[in-house]
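In what follows, a structure is listed as structure tokens, so that the remarks can point back to it.
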Amino acid sequence: MENEKKAYAVSDVGAWAMNVISSVGIIMANKQLMFSGGYAFSFATTLTGFHFAVTALVGLVSNAAGYSASKHVPMWELLWFSIVANMSITGMNFSLMLNSVGFYQISKLSMIPVVCVMEWILHNKHYSREVKMAVVVVVIGVGVCTVTDVKVNAKGFICACIAVLSTSLQQISIGSLQKKYSIGSFELLSKTAPIQAISLLIFGPFVDYYLSGKFITTYKLSYGALFFILLSCSLAVFCNVSQYLCIGRFSAVSFQVLGHMKTVCVLTLGWILFDSQLTLKNIMGMLTAVVGMVIYSWAVELEKQANANAKATLPIKNSLTEEEIRLLKEGVEIAPLKDVEPSLTKA
């Protein structure tokens, strides 16, 4: 039993590590690909379509080779989920275009309380005081190290609201669909990825044209850009799989809170690789965020122990009531008389 717990804990750490490493890696690759000093590939929505196309291809090969099983999920659920997921991607792109970086970061931070409220409304989930305190510390820390100027307009505010709500709903739906249909994270991703890939590759170029004023057909592809596109797509497979895996194992709130470790890593690597400015304010914010993540991990573990102790102290109800026991005794006493031969009874 103890070995099973250790193995499960190791797999949990592995899932988080894969998500953090792949997410940070894809951000670094996309930065080089889209940066004006790099390859200036400014077609983010279409690139996301490429990501899901490669993910769908990997899922198809895995199913054909028998490495993963395909379970039934109603098509309307897959379509609904894909629409929400695509709204999340498009909303984030529009929010970043129409708002300042500061407000964009604030909108991303607001996902944590939004996810909490949504889980409370949809699943009647409650959180302990320690968990709430840890969430506040993480939000403050990440806000200090990422939020700079805060400017917003009506269109940008609407896009930010759509992005936050759709992203939060998508992350909650990942966990609920896995539990509802007893389906694994990779199997669910294999079913939704083709729908997202087709829709993003059809509508993505038009969204990117609105964002950048250029069609992807006008882009001059070089070997370097092709390498980073393939690298980005490869990392996206690990990123997508680990996201579904983490949310299936934990919760959308945990994914959001511990996911901000990626923000800290991105800021640090940006300072190392791209000479980004790292001020005392950034450092203090990152340290506060890390402390908040540690508190959150401790609070979640404390909550689990409290729930386990509460279940252990619950009174165990007898399977038989007093009336059932009385009838059973009477049945036992009468039973031998029924087994006696008629001749012996007469005698």
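Quick notes
- Residues being open to solvent by less than 90 Å² (accessible area, probe 1.4 Å), modelled with pLDDT of 70 or more, among the aliphatic types (A, V, I, L, M) and over 27 Å from L177 (Cβ atoms) - total across region 135-150: 4
- In a residue-by-residue description of region 71-82, the property of being open to solvent by 20 Å² or more (accessible area, probe 1.4 Å) and at pLDDT below 85 applies to at least one position.
- Residue within region 183-196 that is surrounded by fewer than 17 Cβ atoms within 10 Å (Cβ to Cβ) and of a type in the set (S, T, Y) present: no
- Of the set (1) part of a helix (DSSP H, G or I); (2) open to solvent by less than 60 Å² (accessible area, probe 1.4 Å); (3) of a type outside the set (F, W, Y), all apply to M87 but (2).
- Any hit, region 49-70, residues being closer than 18 Å to I247 by Cβ, in a helix (DSSP H, G or I) and at pLDDT below 85: no
- Any hit, region 256-279, residues being modelled with pLDDT of 70 or more, of a type outside the set (S, T, Y) and assigned to a helix (DSSP H, G or I): no
The values are calculated or read from the model by the stated rules, or taken from the named source; none is laboratory data. In this text the structure is predicted, and so the values were computed from the model without any measurement. Cβ sites come from the backbone with ideal geometry, for glycine too, and all protein chains shown count toward neighbours. Accessible surface is based on the protein model in full, side chains and every heavy atom, while ligands, DNA and RNA are left aside. Shrake-Rupley method; radii C 1.70, N 1.55, O 1.52, S 1.80 Å.
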